[in-house]
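Working notes, structure below.
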Amino acid sequence: MKALKTVFIVMLVSLGIASLWNHIPIIKDSAHLVLDPSVGRILDYNIDIGMVVVAALISLFISVIQKYTIDNESLKQLKEENKKLQADMKALKDHPEKLAQLQTESVKKAFEMMSLSMKSFAYTAVPVILFFRWFSDYFSAFDPPIKIFGFLNWFLAYIILSILFSTIFRKVLKLP
């Protein structure tokens with residue numbers, strides 16, 4: 001329950017930052033002060049390569065935080081137990097009372113996995129929101145809108161690249 005409260009508070013803070021971005025100058029100005037000369041310069045050098053580098057760095061940051069804030073052994077064990085429960089549920093699909101009991105147990109395991117996984121969210125949500133708001137400002141300055149790799153908007157390019165890099169970093173860092 002504590003993990004859910006933390007996630008809820010972090011989500012509220014993140015939403016506050018996102019919604020107050022243009023209304024409280026210190027939020028926007030601080031992000032620009034840090035990101036313009038660093039990430040902005042990388043993107044200015046070459047937008048395509050820059051987006052690849054930035055997406056990789058953000059994905060690496062998130063993956064490293066996950067590696068060191070989550071009890072990965074417990075998470076692996078819960079995933080294995082849940083996989084076994086799924087197999088048992090398939091075998092017992094003709095026995096509704098036993099199936100309901102296994103489903104309840106499966107939901108409990110899923111909740112435990114979510115609670116473990118969300119711990120890293122508390123450390124990554126605010127920086128990611130700041131990056132997204134900064135990205136929005138950076139890319140809105142271009143008229144006509146700039147396309148990553150000639151055809152993707154910045155958001156779609158970031159999502160695709162972050163999925164790719166997250167998958168790679170999860171394997172390299174042996175995350176469940």
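The values are calculated or read from the model by the stated rules, or taken from the named source; none is laboratory data. Being a predicted model, the structure only gives us computed values, none of them experimental. Positions of Cβ are backbone-derived with ideal geometry, glycine not excepted, and every protein chain shown enters the neighbour counts. Each accessible area value is taken on the protein alone, full model and side chains, heavy atoms only, with ligands, DNA and RNA left out. Shrake-Rupley method; radii C 1.70, N 1.55, O 1.52, S 1.80 Å.
Odds and ends about this structure:
- With all protein chains kept in place, the per residue accessible area of the chain amounts to 64 square angstrom at a probe of 1.4 angstrom.
- Protein heavy-atom surface of region 36-176, 1.4 angstrom probe: 64% of the accessible area is carbon and sulfur, with nucleic acids and ligands not counted.
- Residue among Asp48, Asp71, Asp94 with the largest mean-square fluctuation in a Gaussian network model of the chain, springs linking Cα atoms under 10 Å: Asp94
- In this structure, the residue pairs whose Cα-Cα separation is over 25 Å, taken from Lys84/Lys171; Lys28/Lys174; Lys90/Lys171, are Lys28/Lys174; Lys90/Lys171.
- For the residues His23, His95, His32, a GNM of the chain with alpha-carbon springs under 10 Å puts the largest fluctuation on His95.
- For the set Ser30, Ser106, the ranking by accessible area, highest first and with no ligand, DNA or RNA atoms included, is Ser30, Ser106 under a 1.4 Å probe.
- With all protein chains in place and ligands, DNA and RNA left out, the 1.4 Å accessible area ranks Lys79, Lys84, Lys171 as Lys171, Lys84, Lys79, largest first.
- Ordered from highest to lowest accessible area with the whole protein assembly present and a 1.4 Å probe, Ile168, Ile47, Ile26 read as Ile26, Ile168, Ile47.
- Using Cβ point charges alone (K and R +1, D and E -1), the dipole size of region 99-172 about the Cα centre works out to roughly 240 debye.
- Area of Val172 that stays accessible when all protein chains are in place (1.4 Å probe, Å², to 10): 100 Å²
- Straight-distance crosslink candidates among aspartates and glutamates, where the alpha carbon sits under 15 Å from Lys119 and sequence neighbours closer than 8 are dropped: Asp71, Glu73
- The chain: relative contact order as a whole-number percent, Cα under 8 Å and 6+ apart: 39 percent
- Helix runs (DSSP H) in the chain reaching 20 Å along axis by Cα, Kyte-Doolittle at least 0.5: 2-20, 47-69, 121-140, 154-172
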